[in-house]
């Protein structure tokens with residue numbers, strides 16, 4: 001019976017064995033991909049001084065600083081905060097402990113994050129965040145590497161039907177400078193109406209010249225051609241050439257679409273952003289793009305996946321048989337089984353039923369015996 005004190009807070013949940021096995025398998029597969037491509041894993045702490053963490057998140061993750069759990073450290077009497085995003089921590093490491101490391105610097109990470117309040121679309125308040133950062137390079141080659149790395153990681157995790165949606169986070173700022181001039185107080189309104197795809201609102205905000213951008217969306221080739229037609233005076237040429245080169249690098253590894261005015265989740269990215277999707281997943285599988293590390297202003301490109309979001313569609317790893325080790329078993333034989341990849345379960349007392357405990361075999365001396373089908 002569940003007692004009131006056994007209930008978990010809203011937005012938090014236990015991960016039972018089957019789901020935990022899926023998440024663990026995904027994590028291992030993704031980290032193996034990152035490692036194979038030369039990304040070294042770092043493990044920042046779960047909590048830091050609030051001033052440091054919030055300072056590096058200022059302007060980086062909109063709304064996240066107010067979502068952090070805070071409390072006073074009894075040792076230092078300073079305010080601590082639980083991280084709500086690991087990316088700023090990786091930036092801190094790159095700017096401090098690894099400041100002298102050769103660039104480009106490739107780092108990987110994986111760990112839990114928590115927020116005080118989640119959104120209605122994603123009510124979870126604890127998330128397992130995994131990602132990679134390529135620091136010290138702001139180029140088409142760097143962006144291509146990171147996008148391909150994210151696609152490969154998702155495929156290694158067992159996801160299928162991968163698609164990538166490109167965006168240009170600084171599109172309005174770039175066009176507002178010369179091609180389609182806007183007053184400073186108009187820019188935010190035009191960004192907002194483009195993001196919500198509201199043609200009437202866009203006109204009312206003074207952005208009538210930006211209306212063609214609403215229709216430069218969809219499958220990559222057609223959307224890119226429409227966007228090139230909009231590119232009055234060549235203001236976007238280098239960015240569009242960059243998108244084309246990144247798409248060429250991806251090839252047929254994933255379906256590619258383009259939504260140049262998408263801003264949600266890309267508030268801190270610079271010239272390039274992308275969202276990852278997979279078959280069977282209602283929400284995005286991950287996001288990434290180019291940005292500047294807060295505090296050091298160093299260029300970086302990276303991506304983030306939230307593995308617990310993907311658990312429902314990830315394949316269940318193949319279960320290994322469980323070998324029963326009866327009282328008085330040969331410990332060397334048992335150790336040899338585990339060294340070969342087997343899972344063992346040791347009998348602790350008389351009366352234990354190996355079949356009820358999930359065992360499929362029993363170690364009889366040095367020989368494995370099948371327990372047979374369960375009743």
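Any read-out appearing in this document is the output of simple, stated calculations on the displayed coordinates, not a laboratory observation. None of the values given here were measured: they were computed from a predicted structure. Positions of Cβ are generated from backbone atoms using ideal geometry, with glycine treated the same way; all protein chains shown enter the neighbour counts.
Computed values, structure above
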| item | result |
| --- | --- |
| Kirkwood estimate for segment 134-274, i.e. one over the average of 1/r between Cα atoms, Å | 15.7 |
| For segment 235-375: relative contact order, % (alpha-carbon pairs under 8 angstrom, 6 or more apart) | 14 |
| Nearest 10 degrees, 0 to 90: helix 237-250 Cα axis against the chain principal axis | 20 |
| Rel. contact order, % - alpha carbon contacts under 8 angstrom, at least six apart, segment 322-370 | 49 |
| Convex hull volume per residue for segment 322-370, taking Cα atoms only, in Å³ | 66 |
| Choice from 163, 52, 270 showing the highest fluctuation, given a GNM over the chain with Cα pairs closer than 10 Å | 52 |
| Cα long-axis angle, helix 184-195 against the chain (0 to 90 degrees, to the nearest 10) | 50 |
| Ranked list, fewest to most other Cβ atoms within 10 Å of each Cβ, for 152, 350 | 350, 152 |
| Neighbour-count ranking [beta-carbon atoms within 10 angstrom, fewest first] of 264, 37 | 264, 37 |
| The chain, Cα convex hull volume normalised per residue, Å³ | 217 |
| Neighbour-count ranking [beta-carbon atoms within 10 angstrom, fewest first] of 310, 371 | 371, 310 |
| Alpha-carbon centroids, segment 327-375 and segment 68-121: separation in whole Å | 44 |
| The chain: angle of helix 17-36 to the longest principal axis, Cα-based, in degrees nearest 10 | 60 |
| Whole-Å semi-axes of segment 237-375's equivalent ellipsoid (Cα gyration tensor) | 54, 17, 15 |
| Ellipticity estimate at 222 nm from DSSP helix runs (n ≥ 4, -39,500 (n - 2.57)) divided over the chain, nearest 500 | -9500 deg cm²/dmol |
| Contact order relative to length of the chain, as percent, for alpha carbon pairs under 8 angstrom and 6 or more apart | 18 |
